[in-house]
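Trainee: The structure under discussion is supplied below as structure tokens; questions concerning it will follow.
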Amino acid sequence: MIAEDKDSPIPRNRQIAQKYMAACAARSVKPEHAGYDQTGAGSSFGDILAEVWSPEVYGVYFGGGPSDSLVGAEQIPAADKYANRVSELWDVGSDYLRAGQIRGITSELANEMTSRRRSTVKRAGKVLLLVESKKEIRRRTGKSPDLADAAFILLDVCRVRGKFRPQV
């Protein structure tokens, strides 16, 4: 986990950006293979990352509608399966898990990945998957599923930048 040094005169987001860049460099991760949560304050953080490292770092936005990506074994548009972007990000990994392409998940990560309640909504004649909002899960569980969010950011980087597709 990257933490702020409260005694440093460097602003918090710049510290985190510099430490993130250093942690990636230590693991030989190129900017185009790194990602971050672009939602909310993440937008400003992304600006700092672009300045201190590279504009190639991939921002993942959890808000709004689903992406234009094809998803699932049937390779259908995400908009035909998910009610919103967070539902897509939180569900799409199940195809990779079933195919054995994602392994070694810790019990802590597995618990977080399965913590959001799922339901369906009907929209324009389609039944779409909807996961509960971050506000709802925090209220229900008392914590934010940050570890799972990070894992889903990584998966999205692999899907978008690495063209990682589930094997069926």
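Trainee: Which whole-number value in Å² is the accessible area per residue of the chain, probe 1.4 Å?
Mentor: Details: 9800 Å² over 168 residues.
Heavy-atom SASA per residue in the chain reads 58 Å².
Trainee: As a test, work out the antiparallel percent of DSSP beta bridges whose residues both lie in the range 36-168, rounded to the nearest 5.
Mentor: 75
Trainee: Using the Cα centre of the range 61-114 as the reference point, and only Cβ charges (+1 on K/R, -1 on D/E), how large is the resulting charge dipole? Debye, rounded to the nearest 20.
Mentor: On the way: 4 positive and 8 negative charges, 19 e Å.
That gives a dipole near 100 debye.
Trainee: Express the carbon and sulfur contribution to the solvent-accessible surface of the chain as a percent, rounded to the nearest whole number, probe 1.4 angstrom. Intermediate results must be reported in sequence, preceding the final value.
Mentor: On the way: 5200 of 9800 Å².
Of all accessible area on the chain, carbon and sulfur atoms account for 53 percent.
Trainee: Sequence-distant or interchain residues sharing an amide H contact under 5 Å with SER69, placed H: which?
Mentor: ALA78
Trainee: P(r) for the chain, please, calculated from all Cα pair distances in 5 Å bins and given in %.
Mentor: Binned Cα distances yield the sequence 1, 8, 15, 20, 20, 17, 11, 5, 2, 1, 0, 0.
Trainee: Tell me, how many Å apart are the Cα centres for the range 89-168 and for the range 7-37?
Mentor: The two parts, judged by their Cα centres, are 24 Å apart.
Trainee: Sticking with this structure for a sec: Around VAL127, under 11 Å between beta carbons, what's the net of Lys plus Arg minus Asp minus Glu among the other residues?
Mentor: On the way: positive: LYS81, LYS122, ARG123, LYS126; negative: ASP80.
That works out to +3.
Trainee: Another one. So what's the angle, to the nearest 10 degrees on a 0 to 90 scale, between helix 146-161 and the longest Cα principal axis of the chain?
Mentor: The helix 146-161 is inclined about 80 degrees to the chain.
Trainee: Any chance you could run the full-extension gain for SER54 through SER8? It's 0.36 nm times the residue separation minus the Cα-Cα distance, nm to one decimal. Before the final figure, lay out the partial values.
Mentor: Details: separation 46, 0.36 × 46 = 16.56 nm, distance 2.32 nm.
In short, 14.2 nm is gained.
Trainee: Taking the 0 to 90 degree range and rounding to the nearest ten, how far is the long axis of helix 12-26 tilted relative to the main principal axis of the chain, both from C-alpha atoms?
Mentor: The angle comes out near 80 degrees.
Trainee: Where does the chain land at 222 nm, in deg cm²/dmol rounded to the nearest 500, when only DSSP H runs of n ≥ 4 count, each adding -39500 (n - 2.57), divided by all residues?
Mentor: -12000 deg cm²/dmol
Trainee: Nothing charged except the Cβ atoms of Lys and Arg (+1) and of Asp and Glu (-1): what's the magnitude of the dipole of the chain about its Cα centre? Round to the nearest 20 debye.
Mentor: Numbers: 26 positive and 21 negative charges, 114 e Å.
Computed about the Cα centre, the dipole is about 540 debye.
Trainee: Only Cα pairs under 8 Å and at least 6 apart count here; give the relative contact order of the chain as a rounded whole percent.
Mentor: Values: 208 pairs, mean separation 33.1, N = 168.
Relative contact order here is 20 percent.
Trainee: Hey, if you put +1 on the Cβ of every Lys and Arg and -1 on every Asp and Glu Cβ in the chain, which of GLY64, GLN18, ILE2 ends up farthest toward the positive end of that dipole?
Mentor: Most positive-ward Cα: GLY64.
The values are calculated or read from the model by the stated rules, or taken from the named source; none is laboratory data. Small disclaimer: the values here were computed from a predicted structure and weren't measured. Glycine also receives a Cβ, built like all others from the backbone with ideal geometry; neighbour counts cover every protein chain displayed. Side chains are part of the model used for accessible areas, which takes the heavy atoms of the whole protein and leaves out ligands, DNA and RNA. Shrake-Rupley method; radii C 1.70, N 1.55, O 1.52, S 1.80 Å.
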